[in-house]
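Asker: Below are the structure tokens for one structure; questions will follow.
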Amino acid sequence: MGKNQQLLSQPRLGYKKKIFLSFTIFFIVFWSISLEVKSQTITPNTYFERISTVNGLSQNTVSSLLEDKYHFIWVGTKDGLNRYDGHDFEIFRHNPDDPYSISDNYINALHEDENGCIWVGTTSGGLNKYSYTTGKFTRYKNASDDEYSLSDNSVTAICGDGKGNLWVGTKNGLNYFNTQTSQVIRYSSALGLSDDRVNCLLYLPELDVVLVGTRAGIDAFSTTTNEYIYSILTEDNFNNDEIHSFYYDNGVLWVCTVKSGLYGISNLNQSFQSCNYKFGLNNLLVDNVIRDICQGSNKNEIWVATTLGLNKVDLLTNESTLYTYDYGDTHSISDNVLTVMLIDSQGTLWIGTYSAGLLKVVTQKQFFTRYYYNTANVNGVNSSIVKTIFEDRDGFLYFGTCGGVDIYDRQGYKIKHLGYNPEDSQLSLTVDIVKDIAQDTEGNIWIATTNGLNRYDPQKDQVTRYYYDRTDEHTVLSDRIICSLMVDYTGKLWMGTYNGVVCWNLQTGEFKHYGEEYGLANKYVYGLCEDKDGQIWFGSTNGLYKLNSQTNIFTKYKHNSALSGSLSNDNVVAIYQDSLGNLWVGTYNGLNYLALGTSNFIQYNTGNSGLSNNLIYGITEDTEGYIWVSTSNGLNRLNPETQEFFPFYAEDGTGVNEFLENAVLRLKNGTLYFGGVSGGVSFDPQEVMTTNNAVMVVITDLIVSGKEPLDLDKPIPEINKIELKSYQNTFSINFSVIDYISSHKQQIYYRLCGLEKEWHQVAANVRSVQYNTIDAGNYRFEIMIFGENTRQVTGMCYLGIKVSPKFYQTWWFFLLLSLFVASLLYGIVRIRVRLILRQKYLLEKKVAEQTELLQNEVYKHERMEEQVAELYKRECQLNTNLADEMRKRIEFNHALTHELKTPLTPIIVTSQMMIDHASDDFILEAARNVFDSANNLCNRVDELLDLARSEIGILNINPRMMDFAQTLKVIGSLARNNAEANGVNFIYEVPSKFPLICIDGDRLRQVVQNMLSNAHKFTPKGGEIVLRSFISDKRLYVEVENDGILIKREDSERIFIPYYQQKIGRSRFSGLGIGLALSRQFVRLHKGEMWLETRKRNVFVFYVPIESEGETIESINN
């Protein structure tokens, strides 16, 4: 990196100023502009993952870091203590109502002792000890009246002495803390300490000493005698500078100072110590204010945290890499003011910042190289949106971005930038937004943009521009937006545009548009590919096209949901032919595979495979035959043999999740390049790590629903088996999966052996399992971590669980119960035997008695059978006599009818003739009386005959279709005359017409006449008779109402009994008493009903059901 580049980058480093350091940082930044930082470069390739309050951290100022033996990361902040497992934070804060909570929220120091207890130093709450076993904090504070208490409540540093005790630094001296007695021995400047303010502590087991860093140097104390030995650094070495922190590794003590830089000392066991390494502002580092240091994955590499950024120093090459905050890069460090660092057991580097939370970076080999926009790096691309990547025949790389084209040489240095510049007619592009790049056979570079086409001649360093002119029918371009470019083996240039495809013969200048006639009009063409047979493939928003360039015949492939083996989607973005001749097609809905010589596509999507996203942007093949697929969310490696996908995301080091079309390239050496909205990434696919890390699984808690808490003698992570009481059989198990490198690629399975055999997968955000009402027994809870892509087990953990049985489920309870049951059974058997014998005696006695009774009953039964036989004989005789009587009665009725009606016939005929020829009124009246009386007598005879027929069951009706309204009209006319003659008012309420209904009109006429006859009998002179009829609910109703003497309610049914005549007072009305009985029979033969309603008047009512017109009703017999 050149001097000018270094100097320009310095102001960028102090971009994020802090309020309380603003003046100091301002001075340092401007002072550094005039200096040269020796061998310091700026690189964007390292991926920093940011973790802050957004992710659950309690507060963004990180003051201390610790990895415990269970591999949890403890993070001290200004507002609470955090325990992190890579997935969730558990936060510990001070609770005034809980004496077992942490004493203060401002954390200064963390330390883990040999027993796994976490010691916490706070700003104003003294010292705290956290026990995994109890989950509680024990507080140790300064007491003014206790000389064996801490010297001050502001604890700044903690370390062990290798013997189970602690050294505790405070703002007011050093303390030796005996963990057994909780008593303290205090050390101050009066006892040899260089200064009372202790900033850091470090135990060196090789020398059996504890180093104490103060504001005035470093002191050594013996852990054997607990006494001051000597001072390591003198004023000559450090100019009496304040020591901020220590780090010891590989025999070198690294000392971080507040204003003099970083020092390394390797001869600590000598009587005189001198510095072997001195790094500072003018030597490899960006700042002299050193906050912390740790060693990287390489033993010759150190990381240095300052207040102006992060340096990675190579001790062999004496080179330094600088990392600073970049506003445009979310994967840069989040704050230039760094506070503390930690390398965990997996090699992950953790960095605390002053105001932006925590940073995480994997320090193992970086497989991915990132390219993105960075104003501090002149070698970076000109825009973070990389839309295409191309390698020319000379090995130069072209990055097409939204800011033009950046050209890099074989060593990776940018040598030229091409962009839109209206003032530069020779090198200006038509526009900065580049879509694709290709090279023709003459060596010219063709650049597709959103506003035409550009040809760049590398030899002449000149750009020729081609614009789309819709008014020119001879224009080469079919649209101003060129989506994709390709040069075929004959040297023709193919262009996919927003309006079809253009084929341009660069030698002859001839061109051809493939547009509307091929179904490509106004269709975007993103993908272009020439297969091994010379056929051209187009990927458009209207499907996939194959063009035979010799015959000019198109074959079209479209999505058809009803057809198996069709294209998965009509929006085709990427097309690639692999080394075996198979075709791979990327669409908006997954990846499609077309095997050589077949016509059916095999579809891959997120639903049926491990593909990270369905929107496919780029496809290529590496030298091992693996297919690499870039998508809208992640990069994927496909093994064509196993059909397994292995996804890579930004957190894996690519720095890019959303890729773009055409931004894919494989170099001649096999290196792969992909571009997206967050820059570009390159890597050697053979070196990319595709195995999973070893994962730690820790069971953190077992929470029962019983009344009593668990009584444990060790922390849950160290317990192999837990015994629960019988009422504690409902519980939940909390666990942590600790993988700080690739936790997002782990799948978690669990089962409770003894209860279930199958493994159950846990959701990605779940770290707890619940079990309810488990039966008594021995169980084994198992957690298995499964690599999402390698399909290998990367971690396991188990916990034995014994659920004690209830008292009635224990062996001794069953034994006692068995004895009790046996005794009870013995007693029951003895009692039962006695009862059986007693019962036998009583039963025999009872049998004898019953036998005697049964014999008596048999005798009685025989006598009764004889009587029944006699009665049956008499019944038969009575039936014979009854049949005889019925026959005689029928004969009598016939004879009576004949004898009565025979003389009536000439009387009726003669009286009719007399009526017709009478000339005298008296004779006419007499003749009419004779005629009416004869007819009345004839009707009475007919009624007697019908009643007889009814009694013997031979009465019938003959229904037919008729309008019953006409019949009622005639009856009403006669009734009106009769009523008027007797001085009775007659009311007729019948519609003029009824629908045709199927009834026996004669029988119903007779019913109505009988009803009217009764009404006339009981209605006095001046009374009223009403004849009413209507149809309702498919029924014909007829009512006759009169206001005569009311019939009693108890007689309302008797009047329908044959020959019944009602007495009113001492009067009996004339008649035989058969009219109403016969009328009811006629109505019931019509399947109707007749009754008397006694309201304020006597109302005789009957109804008959109405049959639909056209239906035939046969004659009905009673």
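The values are calculated or read from the model by the stated rules, or taken from the named source; none is laboratory data. The structure displayed is predicted, hence computed values, not measured ones. Virtual Cβ from ideal backbone geometry, glycine too; neighbours counted across all protein chains shown.
Asker: I'm told Ser1029 meets every condition in (1) at pLDDT 90 or above; (2) under 22 Å from Asn982 (Cα atoms) except one. Can you identify the failing condition by its number?
Answerer: Unmet for Ser1029, out of (1) at pLDDT 90 or above; (2) under 22 Å from Asn982 (Cα atoms): (2).
Asker: Additional query: Quick one: Asn662 ticks every box in (1) touching a residue at least 40 places away in the same chain (Cβ under 8 Å); (2) surrounded by fewer than 20 Cβ atoms within 10 Å (Cβ to Cβ); (3) at positive phi bar one, so which box is it?
Answerer: Failing condition for Asn662: (2).
Asker: Additional query: Mind listing whichever residues of segment 650-673 are charged (D, E, K, R) and modelled with pLDDT of 90 or more? Reasoning before the result, please.
Answerer: Taking segment 650-673 as the starting set, the residues that turn out to be charged (D, E, K, R) are 651-652, 658, 661, 666, 668.
Passing the criteria: Glu658, Glu661, Arg666.
Asker: Please verify whether Asn569 is assigned to a loop (DSSP other than H, G, I, E, B) and either within 36 Å of the chain's Cα centre (by Cα) or buried (at least 23 other Cβ atoms within 10 Å of the Cβ) (or both), treating the condition exactly as stated. Before the answer, list the steps.
Answerer: Working: assigned to a loop (DSSP other than H, G, I, E, B): yes; either within 36 Å of the chain's Cα centre (by Cα) or buried (at least 23 other Cβ atoms within 10 Å of the Cβ) (or both): yes.
Spelling it out, Asn569 is indeed assigned to a loop (DSSP other than H, G, I, E, B) and either within 36 Å of the chain's Cα centre (by Cα) or buried (at least 23 other Cβ atoms within 10 Å of the Cβ) (or both).
Asker: Here's a follow-up. Check whether at least one residue in segment 513-526 is at pLDDT below 90, surrounded by fewer than 16 Cβ atoms within 10 Å (Cβ to Cβ) and closer than 11 Å to Ser540 by Cβ, and report yes or no.
Answerer: yes
Asker: Which condition number in (1) in contact with an Asp or Glu (Cβ under 9 Å, 6 or more places away or on another chain); (2) closer than 23 Å to Gln535 by Cβ; (3) among the hydroxyl-bearing types (Ser, Thr, Tyr); (4) surrounded by fewer than 21 Cβ atoms within 10 Å (Cβ to Cβ) is the one that Thr598 fails?
Answerer: Checking Thr598 against (1) in contact with an Asp or Glu (Cβ under 9 Å, 6 or more places away or on another chain); (2) closer than 23 Å to Gln535 by Cβ; (3) among the hydroxyl-bearing types (Ser, Thr, Tyr); (4) surrounded by fewer than 21 Cβ atoms within 10 Å (Cβ to Cβ), the one that fails is (1).
Asker: For segment 1020-1030, enumerate the residues that are buried (at least 16 other Cβ atoms within 10 Å of the Cβ) and either at positive phi or among the β-branched types (Val, Ile, Thr) (or both).
Answerer: So the first thing to find is which residues in segment 1020-1030 are buried (at least 16 other Cβ atoms within 10 Å of the Cβ), and the list is 1023-1029.
Selection gives Ile1025, Val1026.
Asker: If the requirement is being surrounded by fewer than 16 Cβ atoms within 10 Å (Cβ to Cβ), more than 30 Å from Ile1057 (Cβ to Cβ) and at pLDDT 85 or above, which of these qualifies: Pro995, Pro903? First the steps, then the outcome.
Answerer: Numbers: Pro903 fails: at pLDDT 85 or above.
Every option except Pro995 fails the conditions.
Asker: Also, quick follow-up: Is it fair to say Ser384 is at pLDDT below 95 and either under 37 Å from the mean Cα position of the chain (by Cα) or not in a loop (DSSP other than H, G, I, E, B) (or both)?
Answerer: Working: at pLDDT below 95: yes; either under 37 Å from the mean Cα position of the chain (by Cα) or not in a loop (DSSP other than H, G, I, E, B) (or both): yes.
So Ser384 fits the description; yes.
Asker: For segment 337-346, check the following and say yes or no: at least one residue is surrounded by 22 or more Cβ atoms within 10 Å (Cβ to Cβ) and out of contact with any strand residue (DSSP E or B) (no Cβ under 6 Å at 6 or more places or on another chain).
Answerer: Yes; the residues of segment 337-346 include at least one that is surrounded by 22 or more Cβ atoms within 10 Å (Cβ to Cβ) and out of contact with any strand residue (DSSP E or B) (no Cβ under 6 Å at 6 or more places or on another chain).
Asker: Let me ask something additional. Mind counting the residues in segment 539-566 that are within 17 Å of Asn589 (Cα to Cα), outside any loop (DSSP other than H, G, I, E, B) and hydrophobic (A, V, I, L, M, F, W, C)? Walk me through it before giving the result.
Answerer: The first filter runs over segment 539-566 and keeps only residues within 17 Å of Asn589 (Cα to Cα), leaving 539-544, 557-566.
Add one more test, that the residue is outside any loop (DSSP other than H, G, I, E, B), and what stays is 539-540, 543-544, 557.
Now drop any that are not hydrophobic (A, V, I, L, M, F, W, C), which leaves 544.
Looking only at that region, the number is 1.
Asker: Which of the residues that make up segment 467-502 are within 18 Å of Tyr420 (Cβ to Cβ) and buried (at least 17 other Cβ atoms within 10 Å of the Cβ)? Reasoning before the result, please.
Answerer: So the first thing to find is which residues in segment 467-502 are within 18 Å of Tyr420 (Cβ to Cβ), and the list is 467-468, 477, 480-482.
Result: Tyr468, Leu477, Arg480, Ile481, Ile482.
Asker: Kindly list the number of the only condition in (1) loosely packed, with under 15 Cβ neighbours inside 10 Å; (2) touching a Ser or Thr at 6+ places or on another chain (Cβ under 7 Å) that fails for His94.
Answerer: (1)
Asker: Can you list the strands (runs of 3 or more DSSP E) lying wholly within segment 751-836 that have 2 or more residues being touching a Lys or Arg at 6+ places or on another chain (Cβ under 8 Å), under 24 Å from Asn729 (Cβ atoms) and not basic (Lys, Arg)? Walk me through how you get there before you give the answer.
Answerer: On the way: elements: 760-762, 768-771, 777-787, 793-803.
Hits in segment 751-836: 777-787, 793-803.
Asker: On to the next question. Scan segment 727-739 and tell me whether some residue there is surrounded by 15 or more Cβ atoms within 10 Å (Cβ to Cβ), in contact with a Gly (Cβ under 9 Å, 6 or more places away or on another chain) and aliphatic (A, V, I, L, M). Give the steps one after another, and end with the answer.
Answerer: Narrowing segment 727-739 to residues surrounded by 15 or more Cβ atoms within 10 Å (Cβ to Cβ): 728-731, 733-739.
Remaining after also requiring in contact with a Gly (Cβ under 9 Å, 6 or more places away or on another chain): 728-731, 736-739.
Cutting the leftovers down to aliphatic (A, V, I, L, M) gives us 737-738.
Within segment 727-739, one or more residues are surrounded by 15 or more Cβ atoms within 10 Å (Cβ to Cβ), in contact with a Gly (Cβ under 9 Å, 6 or more places away or on another chain) and aliphatic (A, V, I, L, M).
Asker: So in segment 542-565, with the set limited to residues that are at negative phi and under 32 Å from the mean Cα position of the chain (by Cα), which one is surrounded by the fewest Cβ atoms within 10 Å (Cβ to Cβ)?
Answerer: Applying the first criterion (at negative phi) to segment 542-565 yields 542, 544-551, 553-564.
Keeping just the survivors that are under 32 Å from the mean Cα position of the chain (by Cα) gives 559-564.
Details: His559: 18, Asn560: 11, Ser561: 7, Ala562: 5, Leu563: 10, Ser564: 9.
Residue satisfying both the conditions and the ranking: Ala562.
Asker: Test Ile619 against the stated conditions and say whether it is without any contact (Cβ under 8 Å) to a residue 60 or more places away in the chain and either surrounded by 19 or more Cβ atoms within 10 Å (Cβ to Cβ) or polar (S, T, N, Q) (or both). Walk me through how you get there before you give the answer.
Answerer: Working: without any contact (Cβ under 8 Å) to a residue 60 or more places away in the chain: yes; either surrounded by 19 or more Cβ atoms within 10 Å (Cβ to Cβ) or polar (S, T, N, Q) (or both): yes.
Yes: the conditions hold for Ile619.
Asker: Of the conditions (1) more than 30 Å from Tyr323 (Cβ to Cβ); (2) at pLDDT below 90; (3) in a strand (DSSP E or B), Arg370 satisfies every one except a single condition; which number is it?
Answerer: Arg370 satisfies every listed condition except (1).
Asker: Then there is this: Name the residues in segment 529-541 that are buried (at least 20 other Cβ atoms within 10 Å of the Cβ) and either in the same structural domain as Ala438 (by TED's automatic domain parsing) or over 21 Å from Tyr593 (Cβ atoms) (or both), would you?
Answerer: None - no residue of segment 529-541 is buried (at least 20 other Cβ atoms within 10 Å of the Cβ) and either in the same structural domain as Ala438 (by TED's automatic domain parsing) or over 21 Å from Tyr593 (Cβ atoms) (or both), so the list stays empty.
Asker: Here's a follow-up. Answer with yes or no whether Leu308 is modelled with pLDDT of 85 or more and either in a loop (DSSP other than H, G, I, E, B) or in contact with a Phe, Trp or Tyr (Cβ under 7 Å, 6 or more places away or on another chain) (or both). Lay out the reasoning, then the answer.
Answerer: On the way: modelled with pLDDT of 85 or more: yes; either in a loop (DSSP other than H, G, I, E, B) or in contact with a Phe, Trp or Tyr (Cβ under 7 Å, 6 or more places away or on another chain) (or both): yes.
Criteria met by Leu308.
Asker: Of all residues in segment 129-173, which are in contact (Cβ under 8 Å) with a residue 40 or more places away in the chain and in contact with a helix residue (DSSP H, G or I) (Cβ under 9 Å, 6 or more places away or on another chain)?
Answerer: Scanning segment 129-173 gives Tyr132, Thr133.
Asker: Next question, about the same structure. In the set Tyr132, Tyr140, which member is in contact with a Gly (Cβ under 7 Å, 6 or more places away or on another chain) and under 21 Å from Lys714 (Cα atoms)?
Answerer: So the residue among Tyr132, Tyr140 that is in contact with a Gly (Cβ under 7 Å, 6 or more places away or on another chain) and under 21 Å from Lys714 (Cα atoms) is Tyr132.
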